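Take a look at the structure below.
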Amino acid sequence: MWNVDWAEFVIDYLLLPHPYSKSSATFKAWIFICLQNMRVLQASNIYGVGFGIPSISTRPNSSYQRHATGGALAKSAPIGRKFSEQHSLKKGDMEKEGNSVVLEKKDFAVPRRKAMALILSSFVLSNYELPKVAYAQSVEFREYIDTFDGYSFMYPRNWIQVRGAGADIFFRDPLVLDENLSVEISSPSSSKYKSVKDLGPPEEAGKGVLRQYLTEFMSTRLGVRRESSVLSTSSRVADDGKLYYDVEVNIKSYANNNELAVMPQDRVARLEWDRRYLSVLGVENNCLYELRIQTPEKVFVQEESDIRAIMNSFRANKIAA
């Protein structure tokens, strides 16, 4: 059905590099976008509105001309008319033979550069939009239970564990690399917590959490500035009868585009990242347990219900003697 040049083009298009696993839903969505553009480009090729390569209908012995009454071109006729209207074709540009549309020698085709721009723009837009497709899908959770250190929580099934990250346990989203969760446990030898109330009221605990984050994010780079705020603090009693504190903070990082510039107007600050940090604090086994979740603000808006489900699932458990 397709000529050789068109087949080679399709193969090259499908083999474009992309950041998604071929088994993932995002890869399938990316392929769907590719195929949608291919249908448009194939139609433009049939009617000569494409890449400057000979269309199928220009071949004298093509199956389209031999089976002109079979209805294949009849279905595509509205597309042909649409392209002809969009590109202001003149009468001398196309001729009709039966149900087949063939090109004359005059080339009215869309420039190759514009066609390739369509392909590249769809690829870039697919990279921007596909994470939103992933967010819209229902999340399946898996439970993680650490009987040795005494805690448990639920996490998205597709998240992967990262070892050697410095925390007791660390998981991250394979698609949104800035989104992760971890668990920190205080040393029982250096502190003896009896209750989360030892941290003070939730407001005081929230200030302590923010100070800890800012300490960890201290930078020696010139021109780096951080803006931070405590968004909310609350306390709750979970189904295990223990008291937990929930803390949410926001931190923005700004950096100058030219930190070595002499004049202030040449040092323009730009936003590097804008993240929300959510912590769940609980006490058991004379230790302070903290579940930490990091997520970009724009992602939090779309995944808030899932993130809160993770927070509500966190438990500090008694270690068996």
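The values are calculated or read from the model by the stated rules, or taken from the named source; none is laboratory data. Computed from a predicted model, the values in this text were never measured in an experiment. Glycine also receives a Cβ, built like all others from the backbone with ideal geometry; neighbour counts cover every protein chain displayed. For the accessible areas, the whole protein counts, side chains as well, though only heavy atoms, and no ligand, DNA or RNA atoms are used. Shrake-Rupley method; radii C 1.70, N 1.55, O 1.52, S 1.80 Å.
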**OP:** Check the stretch 215-234 and report whether any residue there is at negative phi, open to solvent by less than 10 Å² (accessible area, probe 1.4 Å) and either small (Gly, Ala, Ser) or not in a strand (DSSP E or B) (or both).
**Re:** no
Original post:
Out of (1) within 22 Å of residue 152 (Cα to Cα); (2) in a loop (DSSP other than H, G, I, E, B); (3) touching a residue at least 60 places away in the same chain (Cβ under 8 Å); (4) open to solvent by less than 80 Å² (accessible area, probe 1.4 Å), what's the single condition that is false for residue 241?
Top reply: (3)
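Can you name every residue in the stretch 277-300 that is of a type in the set (D, E, K, R) and part of a strand (DSSP E or B)?
Our first condition is that a residue be of a type in the set (D, E, K, R); within the stretch 277-300, this holds for 284, 290, 292, 297-298.
Passing the criteria: 284, 290, 292.
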**OP:** Only residues in the stretch 182-205 that are more than 18 Å from residue 279 (Cα to Cα) count as the first member; pair them with residues that are part of a loop (DSSP other than H, G, I, E, B) and not aliphatic (A, V, I, L, M), Cβ under 8 angstrom, at least 6 apart or cross-chain, and list the lot.
**Re:** 188/285; 188/286; 191/286; 192/286; 194/286
**OP:** Might you check whether a residue that is of a type outside the set (D, E, K, R) and within 27 Å of residue 158 (Cβ to Cβ) occurs anywhere in the stretch 261-274?
**Re:** yes
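Quick grid of which residues meet (1) of a type outside the set (Gly, Ala, Ser); (2) open to solvent by 20 Å² or more (accessible area, probe 1.4 Å); (3) free of Cβ contacts under 8 Å to residues at least 24 places away in the same chain:
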| position | (1), (2), (3) |
| --- | --- |
| 270 | yes, yes, yes |
| 276 | yes, yes, no |
| 282 | no, no, no |
| 294 | yes, yes, no |
| 307 | yes, no, no |
| 313 | no, yes, no |
| 316 | no, no, no |
Original post:
Is the stretch 266-279 home to any residue that is among the aromatic types (Phe, Trp, Tyr) and either at pLDDT 95 or above or touching a helix residue (DSSP H, G or I) at 6+ places or on another chain (Cβ under 8 Å) (or both)?
Top reply: yes
